[in-house]
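Please read the structure below before turning to the comments.
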Amino acid sequence: MATRQQQGDVARGSETPERADTMRAIVQRQYGAADALHLERIPRPKPADDEILVRVRAASLSRGTWHLMSGKPYVMRLGLGFRGPKTPTAGQDLAGTVVATGAAVTGFEVGDDVFGVGSGSFAEYAVAREDKLARKPMNVSFEQAASVPVSASTALQGLRDVGRVAPGQKVLIIGASGGVGTFAVQLAKALGASVTGVCSTSKLELVRSLGADRVIDYTATDFSAMPDRYDLILDIGGNATLRRLRRALTPHGTLVIVGGEDGGDWVGMSRQLRAIGVSPFSRQRLAMFVATLNTRDLEQLTEFIESGAVTPVLDRTFTLEQLPDAMRHLQSGAARGKIAISI
């Protein structure tokens, strides 16, 4: 006998009985531009013992999804596959509803609304490990929740764990209007810091509305030439030289480089590597990191969101069919906050 879900799918015409174990998904079989992303019908994944099958309601894009699509920097291909992705289904961030759990899963049940990261989230269904999911914040939409996992975790860990931000400190956030930046401004304020955001002219009001105490238009003003000095600089996808960044730090300040697009196609981390080389010989602490997704941080982010201290900022929402257009919009640099995919 067909399950209630299968009966509903057939009634809506979304699947025939013969295709009940398939789904629509964005598939990428070779590296390249947005045209490499194709909507196909593929087998629905099955969860392993420690995994959960999620009916994806929404996903989101980040610079990481662009790097995975393009296969750049090339060093990434050592783990992802040389000619094309080993895992052809694209996407990481997700929000949705649990529809099945593996035998070892104890923290979630069928019907729970969750958010986190999974494998191939640009699809109607995706599998995710139990330790990379949390219950969805109750006061936001699925699209807003899907914008949180990678970007907000990166902001939180960069400020709290690597930057060691403390109440009363002066924090400079470069790239304050982007996916990570919009979370970083709000989280730094929630953690008691005085925040200055750096962004372009058209995004100044957005950054102010997030609670920044001050904003700097990088097209008109060089932050490093100003007299202000900061206890912590969080540089998100910027291209300022280490000399300029260090000039804006206090003598014992901390620089955290989250990303950057100036490192070339091969390694992509030239500033980060130079920072690590210089740091042992400087009173200033220069660091880089890659965020690690975990349930504990997702639950803390949920507390910030449900308390109203943090609100996910969505620029635009695209459908699954429009995923290539969404990726082009991300590449344009015009987005304010996050780009969501409604599924």
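The values are calculated or read from the model by the stated rules, or taken from the named source; none is laboratory data. What you are looking at is a predicted structure, and each value in this text was computed from that prediction instead of being measured. All Cβ positions, even for glycine, are placed from backbone atoms using ideal geometry, and neighbour counts span all protein chains on display. SASA here: full protein model, heavy atoms, side chains in, ligands and nucleic acids out. Shrake-Rupley method; radii C 1.70, N 1.55, O 1.52, S 1.80 Å.
Quick notes on this structure:
- Taken over region 150-170, the criterion of being under 24 Å from residue 60 (Cβ atoms), touching a strand residue (DSSP E or B) at 6+ places or on another chain (Cβ under 9 Å) and among the aliphatic types (A, V, I, L, M) is satisfied by 150, 155, 159, 162.
- Matching entry among 119, 141 (being among the polar types (S, T, N, Q), out of contact with any Phe, Trp or Tyr (no Cβ under 6 Å at 6 or more places or on another chain) and at pLDDT below 95): 119
- Pairs, first touching a residue at least 24 places away in the same chain (Cβ under 8 Å) in region 163-176, second open to solvent by 20 Å² or more (accessible area, probe 1.4 Å) and not charged (D, E, K, R), C-beta under 6 Å, six or more apart: 165/191; 167/192; 170/194; 175/236; 175/237
- Identity of the residue in region 106-118, under 27 Å from residue 42 (Cβ atoms) and of a type outside the set (Asp, Glu), that ends up surrounded by the most Cβ atoms within 10 Å (Cβ to Cβ): 116
- Residues considered: 164, 135. Of these, the only one that is on the phi > 0 side of the Ramachandran plot and surrounded by fewer than 20 Cβ atoms within 10 Å (Cβ to Cβ) is 164.
- Members of region 83-106 found to be free of Cβ contacts under 8 Å to residues at least 60 places away in the same chain and touching a Ser or Thr at 6+ places or on another chain (Cβ under 8 Å), listed by number: 87, 92, 93, 94
- Helices (runs of 4 or more DSSP H) completely within region 188-306 that count 2 or more residues being modelled with pLDDT under 95: 242-247, 270-278
- Residue match in region 224-241 (condition: in contact (Cβ under 8 Å) with a residue 12 or more places away in the chain, surrounded by 24 or more Cβ atoms within 10 Å (Cβ to Cβ) and polar (S, T, N, Q)): no
- From 177, 121, 147, residue being open to solvent by less than 20 Å² (accessible area, probe 1.4 Å) and closer than 30 Å to residue 244 by Cα: 177
- Considering residues of region 69-104 that are hydroxyl-bearing (Ser, Thr, Tyr) and modelled with pLDDT of 90 or more only, the residue surrounded by the fewest Cβ atoms within 10 Å (Cβ to Cβ): 97
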